[in-house]
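Chemist: Pasting in a structure now, in C-alpha cells, and then I'll have a few things to ask.
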Amino acid sequence: MHVEAASDLDERMLLHDVADRLNSVADQLPLPDQIRADPVLSDLLDDEVRHLARLLGYLAGQHAVRHRAAARYPYQVTAAQRRLTLGLARAAEPAGAALASLGAAVHVLGSLADLSHQAPSPGRARAMATGLRQLTDRIAQTRTHLAEAAKHLRTAADNRPPSSAAPPASVTSAAPTRTH
C-alpha cells in the first residue's frame with residue numbers, strides 16, 4: 001500500500017475512533033426518564049465532563065499540529081490532509097458546545113441540590129420541577145452537540161476527494177469503432 005494512502009487510512013480510522021469516543025460520552029448520559037437530582041448524577045457528570053474536556057483538547061491539539069505543519073510545509077499538504085484538519089476543527093465547535101451544556105447541567109444540578117435543603121413549599125416544588133426540566137434539556141442538548149461533532153468527524157473521514165489518478169471521462173468512453 002502506498003505510504004500516503006496508508007497514512008490517509010490511519011487518519012480516517014483516527015477520526016472514526018474520536019467520533020466513537022464522543023458517542024460513548026453521549027451513551028453514558030442518562031435518558032430523560034432516568035434523570036434525577038441525586039449525587040449519582042453529579043458523579044456521572046463529573047466523569048463525562050472530564051472525558052469530554054480531554055476529547056475537546058485532543059481535537060484542538062490535533063488541529064493545531066496539522067495547521068502548523070501545513071503552514072511550514074504548504075507544498076506537502078494533500079487534499080485529504082486539509083479535509084481531515086477541517087473535520088477536526090468543525091468537530092471542535094459542537095464538542096465545545098456539548099461541554100458548555102454539561103457545565104450548565106452541573107449548575108442546574110447544584111441549584112436543585114440547594115433547593116432540596118430548603119423547607120418544602122409550593123414555590124420550592126415549582127422551582128424543583130423547573131430545574132429538573134432544565135437539567136433534562138441540558139443533557140439532551142449535550143447529546144445533540146455530541147452527535148453533531150461525531151458526524152463532522154465521520155464525514156471528514158468518509159468523504160474522499162476525487163482521485164487525481166482517475167482519467168477524464170472522455171478517455172474512459174468506449175473506443176470508436178472502425179468502419180471499412
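Chemist: Count, please, the residues in the range 20-57 that happen to be in a helix (DSSP H, G or I), open to solvent by less than 50 Å² (accessible area, probe 1.4 Å) and among the hydrophobic types (A, V, I, L, M, F, W, C).
Modeler: Final tally of qualifying residues: 11.
Chemist: How about the range 108-124: which of its residues are in a helix (DSSP H, G or I) and open to solvent by less than 60 Å² (accessible area, probe 1.4 Å)?
Modeler: Going through the range 108-124, the residues in a helix (DSSP H, G or I) turn out to be 108-116, 122-124.
Matches in the range 108-124: 108, 109, 110, 111, 112, 113, 115, 116, 123, 124.
Chemist: All but one of (1) over 12 Å from the mean Cα position of the chain (by Cα); (2) surrounded by fewer than 19 Cβ atoms within 10 Å (Cβ to Cβ) hold for residue 17; which doesn't?
Modeler: With respect to (1) over 12 Å from the mean Cα position of the chain (by Cα); (2) surrounded by fewer than 19 Cβ atoms within 10 Å (Cβ to Cβ), residue 17 is out only on (1).
Chemist: If the requirement is being farther than 24 Å from residue 136 by Cβ and touching a Pro at 6+ places or on another chain (Cβ under 9 Å), which of these qualifies: 70, 19, 79?
Modeler: 79
Chemist: Output the number of residues of the range 84-107 satisfying the condition of being surrounded by fewer than 19 Cβ atoms within 10 Å (Cβ to Cβ) and over 11 Å from the mean Cα position of the chain (by Cα). First the steps, then the outcome.
Modeler: Here is the first cut: in the range 84-107, the ones surrounded by fewer than 19 Cβ atoms within 10 Å (Cβ to Cβ) are 86, 89, 93, 96-97, 100, 103-104, 106-107.
Still in the running and over 11 Å from the mean Cα position of the chain (by Cα): 86, 100, 103-104, 106-107.
So the answer is 6.
Chemist: Need pairs with beta-carbon distance below 8 Å; first residue within 13 Å of residue 154 (Cα to Cα) and within the range 73-89, second of a type in the set (Val, Ile, Thr) and surrounded by 14 or more Cβ atoms within 10 Å (Cβ to Cβ); sequence gap 6+ or separate chains.
Modeler: 87/155
Chemist: Could you list, in sequence order, the residues of the range 128-180 that are modelled with pLDDT of 50 or more and β-branched (Val, Ile, Thr)?
Modeler: 130, 136, 139, 142, 144, 155, listed by residue number.
The values are calculated or read from the model by the stated rules, or taken from the named source; none is laboratory data. From a predicted model like this one, the values you see are computed outputs, not experimental measurements. In this analysis, Cβ positions are derived from the backbone assuming ideal geometry, glycine residues included, and neighbour counts consider all displayed protein chains. Side chains included, ligands, DNA and RNA excluded: accessible areas come from the protein's heavy atoms. Shrake-Rupley method; radii C 1.70, N 1.55, O 1.52, S 1.80 Å.
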